[in-house]
Amino acid sequence: MAQLVGLIVTDDDDFKKHVGRLLRSSAIPVGIIDDRVARDPAAADLVIVDTRGDASSAMATIERLRAGAPSAGIFALALSADPDLILQCMRAGANEFFPWPPSEETFHGAVRRTAARRETTQGSRPAATTLVFFGAKGGAGTTTLSVNCGVELARLGKRPTVIVDLKPGLGEVALFLGMRPRYSLLDAIDNLHRLDREFLRELVAKHKSGLEILGGSDQFDRPGATDGGAIEELFRLLARQYEYILVDAGSQINSCTVAALYTADIMFLVANPDVPSVRNAQRLLDRVRQLGACGERVRVLLNRAAEPSPIPAKQIEGALGHPIHHVFTSDYKTVSNALNSGVPLALAGSSEIASQFDAFTRRLIDPAAGTEAPPPPARRARLGLERLASLW
Ligand SMILES: Nc1ncnc2c1ncn2[C@@H]1O[C@H](COP(=O)(O)OP(=O)(O)OP(=O)(O)O)[C@@H](O)[C@H]1O
Ligand SMILES: [Mg+2]
């Protein structure tokens, strides 16, 4: 989604095209609204006024725009940098002045300043949603679920979506997507002071689904105990750039995963239907409560569910004191094929488990859409899922 809304006020089509291209090529996405909306200049964050014709009518336009959109950045473009004209423009209410044609670098610098000013006055928009996946135990499927959900979110939601691999040493997010990012989240947390949009763009790798990846560290001891604060700051900065932030937090509680849990809008606790998973999930839920993170934000995901279930889903819910939010069936062949080929499930052809990710993600994008239709009874019986499906 565009961070800024731009309006170009001119009668000259070439001017409009040129400025439009400049705006579109800015590191900060700018949506351009039509001149007709000039009647409501308050809709714009950024107004570019052509003052190359009649100076007095241009000043009147700037004054009118300034009155209508007090917080917008107004850019005046003139034939030359005439000091008198610059003064008039500034007095009328312009924030920036450029001789025609403006240099790309200075123009983009001004766009960045406008974005920064708008953010200070209005706060960033829209709010990011942070989804943290945490395993009740190693191997529960945390990476499988976070990666495939990330791909579906990017593909279906078509919003800026990033996945962060928080696991120290040998995180597998990029591997699951068949990618080799040049940089990792360590490059991000070690350079927080200059982590603006452009720098971040250098650090992330982009998957063809649209999902961006902030790769896992290749150091076994980092991110470590002393990196918790930096990780929290990283999430704050990511929230300015992305609408969805997914985190593969592994299955160890440490200062970094705690930072992620605090930031999370939803914490997905990934468990398998077996005794170690359920026991650990119980303990983790207790720990989350102790940490003061809101327990209501926790959603239990049951992965690798199969019939006959070693522990009935109702018993799992009873033991956890928490409902199961979603069930992913066990399909080792499909999941491991996807993993080994580096092709996420959504892009690997149709399968039951891929449609489960589709349903799960649609519900995330639009919770108001309600629960998805259950599979037809015959299919349910074939999958032996009646008991689990009744929990949806
Ligand atoms: N729904 C599923 N059905 C069958 N196999 C699955 C399913 N989900 C995950 N697996 C398999 O389980 C194994 C572990 O998955 P994954 O790496 O996602 O778990 P993890 O919790 O991230 O593990 P780690 O603790 O090592 O990070 C993989 O071999 C994967 O193919
Ligand atoms: Mg993993």
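At a Förster distance of 45 Å, what's the computed FRET efficiency of TRP100 paired with GLU307, Cβ-Cβ distance as r, to 0.05? Result of the calculation: an efficiency of 0.05. Work out how much length ASN340 to LYS158 would gain on full extension: take 0.36 nm times their residue separation and subtract the Cα-Cα distance, in nm to one decimal. Length gained, ASN340 through LYS158: 62.9 nm.
Rolling a 1.4 Å probe over the heavy atoms of the protein chains gives the chain an accessible area of 46 Å² per residue. In the chain, the calculated helix contribution to ellipticity at 222 nm averages -12500 deg cm²/dmol per residue, counting -39,500 (n - 2.57) for every DSSP H run with n ≥ 4. Packing here is the average count of other Cβ atoms within 10 Å per residue, and on that basis the peptides 244-253, 180-189, highest first, run 244-253, 180-189.
Only one residue of LEU195, GLN252, TYR183 has its Cα farthest out toward the positive end of the dipole of region 129-389, where Lys and Arg carry +1 and Asp and Glu -1 on Cβ, and that residue is GLN252.
The translational diffusion coefficient of the chain, from Stokes-Einstein at 25 °C and 0.890 mPa s with a Kirkwood hydrodynamic radius over alpha carbon pairs, comes to 105 µm²/s. In a reduced charge model with +1 at each Lys and Arg Cβ and -1 at each Asp and Glu Cβ, region 124-271 shows a dipole moment near 480 debye about its Cα centre. Modelled this way, with points 7 Å down the Cα-to-C-beta line, the labels at LYS208 and ARG297 are 3.5 nm from one another.
The simple spin-label model puts a point 7 Å past each Cα toward its Cβ; for LYS314 and GLU233 those points are separated by 5.2 nm. The calculated FRET efficiency for ALA81 paired with LEU192, based on their beta-carbon distance and R0 = 30 Å, is about 0.20. Which percent, to the nearest 5, of DSSP beta bridges fully inside the chain are antiparallel? Beta bridges within the chain, antiparallel portion: roughly 5 percent.
Using the average count of surrounding beta-carbon atoms within 10 Å as a protection proxy, the listed peptides 104-111, 228-235 rank, highest first, as 228-235, 104-111. If a spin label sat at a point 7 angstrom from the Cα of GLU352 along the line to its beta carbon, the backbone N atoms of region 133-170 nearer than 20 Å would be those of 141, 144-145, 148-149.
Ignoring aspartates and glutamates fewer than eight residues from LYS208 along the same chain, the ones with Cα atoms less than 15 angstrom from its Cα are GLU152.
For region 129-389, the share of accessible area belonging to carbon and sulfur comes to 50 percent (1.4 Å probe, ligands and nucleic acids excluded).
Overall, the chain carries a charge dipole of about 1120 debye about its Cα centre when +1 sits on the Cβ of Lys and Arg and -1 on the Cβ of Asp and Glu, all other atoms neutral.
The values are calculated or read from the model by the stated rules, or taken from the named source; none is laboratory data. Computed from a prediction, not measured in an experiment: that's the story for all the values here. Please note: Cβ atoms are built from the backbone with ideal geometry, for glycine as well, and neighbour counts cover all protein chains shown. Side chains included, ligands, DNA and RNA excluded: accessible areas come from the protein's heavy atoms. Shrake-Rupley method; radii C 1.70, N 1.55, O 1.52, S 1.80 Å.
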